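Peer 1: Attaching a single structure in structure tokens format; questions to follow.
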Amino acid sequence: MFHHIPAPLAVRMDELHRLNTRQRADSMPRLQRLRQIPPEIGRFVALLAASAPPGRLVEIGTSGGYSTLWLALAARETGRTVTTFEISAAKVTIAGETFAAAEVQDVVTLVQGDALEHLDGLDDIGFCFLDAEKEDYLVHYEAVVPRLVPGGLLVADNAVDFEAALRPMLDRALADERVDAMVVPYLHGELICRKRAH
């Protein structure tokens, strides 16, 4: 998966990484800039997605599509597709350009809109990556967990960097008997939840 990343995908990843770095250096307002995971978390998420049980791959919070490209690698590796949701029209435009440039449109479905309005039709989720507005994490968590297959994974980004803002969701997940959950304190921190069979 990582040894043979197609050139168009690798080039677009590099472009987005450089753009994100430049926006941070220019102190662009947080809501306007691309907010994307570091490459190390991309690899981590791709490994988890590729290891997840059979089921849909879902992403909530596309931004410019950088994390989706890592999920696309996992999708290709396992013969699946990724459905990714983004509310911002401007970011949907960038993400659409990303998927065309990276040549992953065969495995990525981009949906503009609130994931909560579309999840009813997305049961049997094997893996979900959550990287949306922090105040919405808990409601997304509650919407996704019932739709995970047994053994399915939900991974939520920024569990350390935004621990205070995410405390209600973190407390809920860590006490939720439907899942086994832990926070991995790597870089921004990732909450990992695995749906229990019973």
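The values are calculated or read from the model by the stated rules, or taken from the named source; none is laboratory data. Because the structure is predicted, anything quoted here is derived from the model rather than measured. Neighbour counts run over all protein chains shown; Cβ positions are idealised from the backbone, glycine included.
Peer 1: Looking at the range 35-49, which of its residues are outside any loop (DSSP other than H, G, I, E, B), aliphatic (A, V, I, L, M) and either crowded, with 20+ Cβ neighbours inside 10 Å or in contact (Cβ under 8 Å) with a residue 60 or more places away in the chain (or both)? Break it down stepwise before answering.
Peer 2: Just the residues of the range 35-49 that are outside any loop (DSSP other than H, G, I, E, B), to begin with: 39-49.
From what is left, the residues that are aliphatic (A, V, I, L, M) are 41, 45-49.
Result: 41, 45, 46, 48, 49.
Peer 1: Given the conditions (1) buried (at least 17 other Cβ atoms within 10 Å of the Cβ); (2) assigned to a helix (DSSP H, G or I); (3) modelled with pLDDT of 95 or more, report the number of the one that residue 137 does not fulfil.
Peer 2: Only one criterion is unmet by residue 137, namely (3).
Peer 1: Any chance you could count how many residues in the range 67-95 are touching a Gly at 6+ places or on another chain (Cβ under 8 Å) and not aliphatic (A, V, I, L, M)? Let's see the steps before the verdict.
Peer 2: First, pick out the residues of the range 67-95 that are touching a Gly at 6+ places or on another chain (Cβ under 8 Å): 67, 69-70, 80, 84-87, 91, 94-95.
In the following step, the residues that additionally are not aliphatic (A, V, I, L, M) were identified as 67, 70, 80, 84-86, 91.
Here the count works out to 7.
Peer 1: Out of the residues in the range 167-198 that are hydrophobic (A, V, I, L, M, F, W, C) and modelled with pLDDT under 95, which is surrounded by the fewest Cβ atoms within 10 Å (Cβ to Cβ)?
Peer 2: Step one: of the range 167-198, the residues hydrophobic (A, V, I, L, M, F, W, C) are 169-170, 173-175, 179, 181-184, 187, 191-193, 197.
Filter again for modelled with pLDDT under 95, leaving 187, 197.
On the way: 187: 15, 197: 7.
Checking each candidate, the answer is 197.
Peer 1: Sticking with this one: Among the residues of the range 73-87, what is the count of those that are among the aliphatic types (A, V, I, L, M) and in contact with a helix residue (DSSP H, G or I) (Cβ under 7 Å, 6 or more places away or on another chain)? Please lay out each step first, then the result.
Peer 2: First, the residues of the range 73-87 that are among the aliphatic types (A, V, I, L, M): 73-75, 82, 87.
Remaining after also requiring in contact with a helix residue (DSSP H, G or I) (Cβ under 7 Å, 6 or more places away or on another chain): 73-74, 82.
Adding up the residues that qualify gives 3.
Peer 1: Looking only at the range 66-106, how many residues end up being surrounded by fewer than 16 Cβ atoms within 10 Å (Cβ to Cβ), of a type in the set (A, V, I, L, M, F, W, C) and within 26 Å of residue 116 (Cβ to Cβ)?
Peer 2: Looking only at that region, the number is 2.
Peer 1: Is it the case that some residue within the range 140-157 is surrounded by fewer than 15 Cβ atoms within 10 Å (Cβ to Cβ), of a type in the set (Lys, Arg) and free of Cβ contacts under 8 Å to residues at least 60 places away in the same chain?
Peer 2: Scanning the range 140-157, I find no residue that is surrounded by fewer than 15 Cβ atoms within 10 Å (Cβ to Cβ), of a type in the set (Lys, Arg) and free of Cβ contacts under 8 Å to residues at least 60 places away in the same chain, so the answer is no.
Peer 1: Go through (1) at pLDDT 95 or above; (2) more than 15 Å from residue 131 (Cβ to Cβ); (3) surrounded by fewer than 20 Cβ atoms within 10 Å (Cβ to Cβ); (4) not polar (S, T, N, Q) and name the single condition residue 9 misses.
Peer 2: (3)
Peer 1: From the set of residues in the range 164-191 that are charged (D, E, K, R) and free of Cβ contacts under 8 Å to residues at least 12 places away in the same chain, which is nearest to residue 35 (Cα to Cα)?
Peer 2: Taking the range 164-191 and keeping what is charged (D, E, K, R), we get 167, 171-172, 176-178, 180, 190.
Filter once more, so that each one left must be free of Cβ contacts under 8 Å to residues at least 12 places away in the same chain: 167, 171.
On the way: 167: 20, 171: 24 Å.
Ranking the qualifying residues of the range 164-191, first place goes to 167.
Peer 1: If you don't mind, another one. Would you pick out the residues in the range 128-161 that are within 18 Å of residue 63 (Cβ to Cβ) and aromatic (Phe, Trp, Tyr)?
Peer 2: 129, 137
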